[in-house]
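First the structure, in the form of structure tokens, and then the observations on it.
Any read-out appearing in this document is the output of simple, stated calculations on the displayed coordinates, not a laboratory observation. Please read these numbers as outputs of a predicted model, since none were measured by experiment. Because the Cβ atoms are built from the backbone with ideal geometry, glycine has one as well, and the counts that use them run over all protein chains shown.
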Amino acid sequence: MEDSNTPKLAAELNLTRPSVEAAIRLLDDGATVPFIARYRKEATGGLDDSDLRGLEQRLTYRRELDARRQTVMTAIREQGALTDSLSEAIAAAETKQRLEDLYQPYKKKRRTKGEMAREAGLEPLASRLFDDPAVNPSTAAQAFINAEAGVNNADEALTGARYILAERWSEDAELLAALRDWAWHQGRLVSEVDPKNRDSGSKFCDYFDYSEAISRIPSHRALALLRGRREGVLRLHLGMPDELADPPARPSEGERRLSRHIGFRHRQREGDDWLAESIRFCWRVKLLTRLETDLIGRLREAAETEAINVFARNLRDLLLAAPAGDTPVLGIDPGLRTGCKVAVATATGALAATETIYPHAPQRRWWAARSRLGELAQAYGVTLIAVGNGTASRETEELAKAVAADVGGAQAVMVSEAGASVYSASETAAREFPDLDVSLRGAVSIARRLQDPLAELVKIEPKSIGVGQYQHDVNQTQLARSLDAVVEDCVNAVGVDLNTASASLLARVAGLNASLAERVTTHRDTHGPFPNRTALKRVSRLGDKTFEQAAGFLRIRNGDTPLDASAVHPEAYPVVERIATDTGRLAAGLIGASELLERLDPNAYTDERFGVPTVSDILAELAKPGRDPRPAFRTARFREDVTSLADLEPGMTLEGVVTNVTNFGAFVDIGVHQDGLVHISAMAEKFVRDPHTICKPGDIVRVGVLEVDEARQRIGLTLRLAEAETSSTNREKSQPKPSASNHKREPKKAADTAMAAAFRQGNKD
């Protein structure tokens, strides 16, 4: 039976109904997104993991909407207020916002002034004054004076009637929808400083006197403004253009729209002034406040969604960064007073040795440290020396380069140590190295993440890796869900060696979880390496369904079934046997036979279960079995004469590594302990809408230095190298910083640049 959401999702996502229905059926049956994307292409028409993630997200939303719809229907029906027209409107509601608007008049809420006025018997007065503006309000109100009900005079009666009408209008779902849309496109978010916190909130100084069209505020500025409000530095409110004018319009456009909606027009009747004042009251006290809450909420939701998407894209790029591969690595976690922590990881990632050296101040045992590192490098055949990019990193890199020159054949590489301290103190690290000091575990992580970034970074909570945009300000549940999906997709895209992978890595394989991953590693430790994929079924509580989901993503190298080292799923081995029989070879003989495989027609090997997409994937996999989709490994080379901000000058051209990409630009590590910012306006000669189209985390780029502000620890960079040269020539003619009044009228690059420091600090926090 087709899911009721199928037609709507197909139209919304521009997918075919059969594809959507098949994907929903598979998801409901417990299939994972990586499994469906790779091994059920015939059923879904070739939907990829991105399509499936989007479908899964929207399906969850629509099912939550349907559940809420039923709750609302039941609640209104129990009140005896569910009319046919209201029922139809609720059934047709396409968003949670629309549904809540319809439910608002019937929702149980705390006792309002309008409700108290109705209890005092004033609703007939309110209705009469609205229905017949020719009636004199003061005269009509005399009949409703009731001291026992708390209405002591005509003015109190009219005030109560005004509350009743204001509530009635402000709970009109159609009016709210129309005003919300208008205010979103015309309104401005106005930011002002709280005088009490002006000095303590200096990092938000660019927003002390600021306004911008609310619908055009980019996510990073929105989150900065919201953070400023949360910290008590900024006051935010929604302003409409005619109300922000000097003098403000009277009546305002909001009042005029409300008047038109309720059918009111001032004709100089006795009750018109009272009704006009009631409309003004409703707009200013009820509707504008409601719109401000709703639209700032909408802004926050959109900004959080975009920030989560930015983090997800950056995390994907980082996880799929080039691995150095199976080579011994010496990892160094730099430090000054407490020394540099050293760990050697063998070609398989096993910990071989640890050490603490003191090459820097105050001990300054440079030569002893150099000698000891040389001994370790020679003893374990080290080819790469990984240096964490934290405190004292450039001084330590200099030491590493000297050691590399001493031993020959080795290379020093700067490695991001983001999240290494989190890993060091984690339960995962404690289980992995129970007898190793916490301070040394970070060095192990630094070494291993050079060998295989994916295998090591999966041990760290994704949001602690530090490639996000205001990640601490967004919905943490949504962030975790999105990042977990990215990790799962990356792990399964690369594949996992069943006989060497850690429990942390195995837990990310489709169909497995932390508990099953622990059972797999325990079985492996007890019974030895798995000889083939089928042996995985011997693991306690690992059933056929789990095996189906996971098997294709697990690799067994040098096992007794050659196909187990490939991404061909065991369920498709019969297809390979047919190909082998047809070509007169053994199945193992097809592996790597690319010329033969390229001549085969996929149509010749299809059947009722496996179509052309799957057979084509099988042929491609046999041609290059276990092919790693990640790029080749290469490293950046920092200038040896540039180790601090004091060494930088405008016009310099440097090589660096992109550490983070946001919606306002990219941060680049150029080896001076402080990342520089390439603002979006300095990324290319053409207009750039999305910085991710220009670079991604891990990219090695050449940048030019535009400006250096040592006092505020800011570095302005450009990817347009000619611009850097011009900056060097003309730096004495630099323009003054735009004034606060300019900031209020137009968002400026300065606001983005100023918030970069807060952004970096927020990620550290």
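Numerical summary
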| quantity | calculated |
| --- | --- |
| Convex hull of Cα atoms in the stretch 399-482, direction-averaged projection (nm²) | 7.2 |
| Phi-based couplings in Hz for the stretch 522-531 (Karplus 6.51, -1.76, 1.60; Gly and Pro marked x) | 5, 4, 5, 5, 7, 9, x, x, 6, x |
| P(r) of the stretch 522-637 over all Cα-Cα pairs, binned every 5 Å from zero, in whole percent | 2, 10, 19, 20, 17, 13, 9, 6, 3, 1, 0 |
| Structure-based [θ]222 nm, the chain - -39500 (n - 2.57) summed over DSSP H runs of at least 4, per residue, nearest 500 | -14500 deg cm²/dmol |
| Two-site label geometry, N558 and D647: point separation in nm, points 7 Å out along Cα→Cβ | 4.3 |
| Options Q142, T477, A565, ranked by Cα towards positive dipole end of the chain, top entry (Cβ charges) | Q142 |
| Two-decimal Rg/Rh across the chain, once Rg and the Kirkwood Rh are taken from alpha-carbon atoms | 1.06 |
| Karplus-derived 3J(HN,Hα), 6.51/-1.76/1.60, for each residue of the stretch 623-633, Hz, glycine and proline x | 5, 9, x, x, 5, 7, x, 7, x, 6, 7 |
| Degrees separating the helix 573-583 axis from the principal Cα axis of the chain, which is the longest one | 50 |
| Positive dipole terminus of the stretch 645-734, leading residue within Q713, L677, H692 (C-beta point charges) | H692 |
| Cβ charges +1 (Lys, Arg) and -1 (Asp, Glu), total dipole of the chain, debye | 860 |
| The stretch 271-345, Rg to Rh (Cα coordinates; Rh as Kirkwood inverse mean 1/r) | 1.54 |
| C-alpha long axis of helix 438-451 to longest principal axis of the chain, angle in ° | 80 |
| Estimated FRET transfer efficiency when R0 is 35 angstrom, pair E301-A425 (beta carbons, to 0.05) | 0.60 |
| Semi-axes of the equivalent ellipsoid for the stretch 329-451, Cα gyration tensor, largest first, Å | 20, 16, 12 |
| Neighbour net charge for E640 - beta-carbon separation under 14 angstrom, K R +1, D E -1 | -2 |
| Part-to-part distance (alpha-carbon centres) for the stretch 634-670 and the stretch 69-128, which is given in Å | 59 |
| Intensity falloff of the stretch 113-306 expressed as log10 I(q)/I(0), Debye formula with alpha-carbon point scatterers, at q = 0.07 Å⁻¹ | -0.28 |
| Cβ-derived FRET efficiency at R0 25 Å, R25 paired with S540, nearest 0.05 | 0.25 |
| Using θ = phi - 60° and Karplus 6.51 cos²θ - 1.76 cosθ + 1.60, couplings along the stretch 303-319 (whole Hz; Gly, Pro as x) | 5, 5, 4, 5, 4, 5, 5, 4, 4, 4, 5, 5, 5, 4, 5, 5, 5 |
| Virtual paramagnetic centre 7 Å along Cα→Cβ of D406, amide N under 11 Å, in the stretch 335-366 | 366 |
| Full-extension gain in nm, Q70 to D199, via 0.36 nm per residue minus C-alpha separation | 41.3 nm |
| Dipole magnitude of the stretch 99-200 about its Cα centre (Cβ charges: Lys, Arg +1; Asp, Glu -1), debye to nearest 20 | 300 |
| Debye log10 I(q)/I(0) at q = 0.13, 0.18, 0.20 Å⁻¹ for the stretch 35-193, Cα point scatterers | -0.85, -1.11, -1.17 |
| Estimated FRET transfer efficiency (A684, E710; beta-carbon r; R0 25 Å; 0.05) | 0.35 |
| Separation of alpha-carbon centers, the stretch 451-496 and the stretch 293-323, rounded to whole Å | 12 |
| Cα gyration tensor shape for the stretch 21-67, rounded if a/c is under 1.5, else prolate or oblate | prolate |
| Separation of the A480 and R634 label points, Cα + 7 Å toward Cβ, nm | 4.0 |
| Summed side-chain charge close to D617 - residues other than D617 whose Cβ falls under 9 Å, Lys, Arg +1, Asp, Glu -1 | +1 |
| Nearest-ten-degree value, helix 219-230 long axis tilted from longest Cα axis of the chain | 60 |
| Among I76, N5, Q104 - extreme Cα towards positive end, dipole of the stretch 1-106, charges at beta-carbon | N5 |
| Charge dipole (debye, nearest 20) of the stretch 175-334; +1 at Cβ of Lys and Arg, -1 at Cβ of Asp and Glu | 560 |
| Summed side-chain charge close to A369 - residues other than A369 whose Cβ falls under 14 Å, Lys, Arg +1, Asp, Glu -1 | -1 |
